[in-house]
Each structure stands twice: as structure tokens, then as C-alpha cells.
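Report on the following structure.
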Amino acid sequence: MSLLLQALVNGLVSGTLLAVPAIGFTAMFAVLRFPNFSVSGIATLGAFAGYVAYGAGLQLVGSLAMAFVVAGAVGLFFDRVAHLPLVKQGALPAAIASIASGLVLENVVRLGFGNDLRGFDRPIARDLRIADIRVSPQQLETMGIALAIMLAVFAALAFTRIGKAMRASADNPELAALKGIRPQRVAMIASFVGMGLVGIGGMLLGLDSSIDPLTGTRILLSIFAAAVLGGLGSPTGAVLGAFLIGIAEELSVLIVGSPYRTAVGFFAILIVLTIRPRGLLGERAF
């Protein structure tokens, strides 16, 4: 029983951290109309940008801000230059181009930092124990940061002018344009913010373990599965999907072992697309 409870706690931690990049991925899909798989390279880039900033002496919040800005700026650049020009020809060409962009970014990071694992130099603290359940203070801190970021994103979507414009463009771009909302401006903001969230997600996951050039590649399937499970285009669904994927991955370690953990994402996508293609909450369920 204690192993099961520990797996559930670990799943909640993983799901919380996974939710941040999943929100970024699904928000971009809602506005830009294609699955942007370059999030793998952007998550890696954000993790390393935060790593460099943290190593240079910035505090945690400042390093996360650096990860957000660098990931958002580079992601926006690739969207404008390589992805969005292809969207008019359909989502598939843009999605394929985004895979290539992710590979380019991954190898640029590899060229600059090598293949070694790197960890954030954070103070070591004793795990907290409740009965036989363990959780580290660092995990609680990163969970708190991730939850604060999620609340800020949902508040921005609900109460700010640009958030309402993004929701309107996601629901009905033609009607939004008639109301005076400029779709290109909204697309650029969605790209920058979405990629920034993916970059922050890469750093948060790196804080919980370590980083290397494959950091983003390892979480790409989980991010995509969380978005599909919750409903592509729905930030609320992405959060729900991230928690379910995180818990399912941890439980799978108990049942079939850690080598098959990544298979959870494949099965989740397969089952959802077969039974409920729109996901648990449906498309664009803001």
C-alpha cells in the first residue's frame, strides 16, 4: 500500500510539472492550428538557459524568467520563419517542419554543452516523511512554482484583454477578426507565451532531476499525450491530462517497470483517439 501511495504522490509531482509545458503546447495548437513538435527542442533550450542563468548567480525566479524569455523568443523565431508559412498548406507540413526544428535545437544545445548530464546546484535538504511517504522540499517548491504559473496563465486568459483575444481567436478566428482582433498579433503572442511556458517546463523538470540535450525529447510524448487526453486546444484539459499521465506513468513503474514508462503516453494517445478523439474535456474547453 505504501508503494502505491508513494507512486500516487510522485505522479502528482510529475503531473504538476508536466502541466506547464502541456498548457503551452495546447494553447499554441488552439491559436496556430498545428501541433508544434519543436517543443522538444524548446524545452531543452529553456532548461539550459535557466541552468546558465542559475549558474551565473540569478535566483530561481530570475532563472525561470530567463528560461521563459529565451524559449519564447527562439520559439517565436522558428514559428515565423519555418512553421507558420506552411500552415496555409495544412497542419501536416507545419508539424513535420516543427519536428525538424526540434532536432536542430537539440543538436545546437549538444554542440554547445556536450552530452553530459548536468544538475542545478541546489541546497540538499532532508526529505519530508508522512508515515512511509517521502517528498523532498525541492519537489514541493517546484510544485508550488508550477501551480502559481498555472494560476497566472488561467487568470490572464480569463481577465486580460490579450487573453480574451486569444480565446476568441481559438474559438472562431473569422468572427474574432471581424471584431477587430488582429490574428497575426494574437498568433505571435500565443507562440511567444506558449514556447515560454514550454521553456519553463523544461527547467522545472530539470530542477527535479537533471538536464541533457535529450531532456525535451524524453518529455515530448508525455506533453503530447497530456494535451490529446485532455482535449487538444483546451488548457484546462491539458492540466487534467498532465495529472492523469503523470500518475499513470508512476503506477506503470510499479506494474511493468521503469523501462516501459514511456509506453504510457503511446497507449493514452491510442485509447483516446479510438474512443474519444476530442479528448476528455473536448476541444477548446476554456
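The values are calculated or read from the model by the stated rules, or taken from the named source; none is laboratory data. Please read these numbers as outputs of a predicted model, since none were measured by experiment. For neighbour counting, all protein chains shown are included, and Cβ atoms are generated from backbone atoms with ideal geometry for every residue, glycine included. These accessible areas exclude ligands, DNA and RNA; they are computed on the full protein's heavy atoms, side chains included. Shrake-Rupley method; radii C 1.70, N 1.55, O 1.52, S 1.80 Å.
Which semi-axes, in whole Å and largest first, does the equivalent ellipsoid of the range 43-90 have when worked out from the alpha carbon gyration tensor as the square roots of 5 times its eigenvalues?
29, 8, 7
Measure nothing but the geometry: give the 0 to 90° angle between the long axis through the Cα atoms of 161-171 and the longest principal axis through the Cα atoms of the chain, rounded to 10°.
Once rounded, the angle reads 80 degrees.
Given the convex hull over the Cα atoms of the range 1-116, what projected area results after averaging over all orientations, in nm²?
Average projection, Cα convex hull of the range 1-116: 9.3 nm².
Please list the radius of gyration and Dmax for the range 100-182, considering alpha-carbon atoms only, with Å as the unit.
Just the Cα atoms of the range 100-182 yield Rg and Dmax of 21.2, 59 Å.
So for Met188, Met66, what's the accessible-area order with a 1.4 Å probe, most first?
From most exposed to least exposed: Met66, Met188.
Give me the log10 of I(q) over I(0) for the range 196-286 at q = 0.20, 0.22 Å⁻¹, as the Debye formula computes it from C-alpha points; what are the numbers?
-0.97, -1.11
Tell me, which longest segment in the chain has none of the trypsin sites (Lys or Arg not before Pro) that fall in DSSP loops with at most 14 further Cβ atoms within 10 Å?
180-286
Using only the alpha-carbon atoms, how far is helix 91-113 inclined from the longest principal axis of the chain? Give it as 0 to 90 degrees, nearest 10.
Here the helix axis deviates by roughly 50 degrees.
In the chain, if the dipole is taken from +1 on Lys/Arg beta carbons and -1 on Asp/Glu beta carbons about the Cα centre, which of Ala158, Thr44, Gln139 is farthest to the positive end?
The residue sitting farthest along the positive end of the dipole is Ala158.
Give the residues of the range 23-40 whose amide nitrogen is closer than 19 Å to a point set 7 Å from the Cα of Arg182 in the direction of its Cβ.
Of the residues in the range 23-40, 31-32 have backbone N under 19 Å from the label point off Arg182.
Plugging the Kirkwood radius over Cα pairs into Stokes-Einstein for the range 13-75, at a temperature of 4 °C and a viscosity of 1.567 mPa s, what D comes out in µm²/s?
Answer from the Stokes-Einstein relation: 105 µm²/s.
Taking the mean number of other Cβ atoms within 10 Å as a proxy for protection, how do you rank 237-247, 141-151 from highest to lowest?
Put in order of decreasing packing, that is 237-247, 141-151.
Where does the charge balance sit around Phe48 when Lys and Arg score +1, Asp and Glu -1, over other residues with C-beta under 15 Å from its C-beta?
Residues close to Phe48 contribute a combined charge of -1.
Note down the nm distance, to one decimal, between modelled labels 7 Å out along Cα→Cβ at Leu111 and at Phe159.
Rounded to a tenth, the inter-label distance reads 4.5 nm.
How much of the accessible area of the chain, in percent, comes from carbon and sulfur atoms when a 1.4 Å probe is used?
Exposed carbon and sulfur together represent 68 percent of the surface.
Kindly provide the helix-only [θ] at 222 nm of the chain, computed as the sum of -39,500 (n - 2.57) over DSSP H runs of four or more divided by all residues, to the nearest 500 deg cm²/dmol?
Helices in the chain give a 222 nm mean residue ellipticity of -25000 deg cm²/dmol.
Could you tell me what fraction of 2.2 N^0.38 Å the Cα radius of gyration of the chain comes to, as a two-decimal ratio?
Normalised Rg, Cα atoms only: 0.97.
I need the per residue convex hull volume for the range 219-263, using only the alpha carbons, in cubic angstrom as a whole number.
54
Give the accessible surface of the chain per residue, rounded to a whole number of Å², with probe radius 1.4 Å and ligands, DNA and RNA excluded.
48
Between Asp121 and Glu141, with labels modelled 7 Å along Cα→Cβ, what's the label distance in nm to one decimal, could you check?
1.5
To the nearest 10 degrees, how steeply does helix 183-208 sit against the main Cα axis of the chain, on a 0 to 90 scale?
That works out to roughly 10 degrees.
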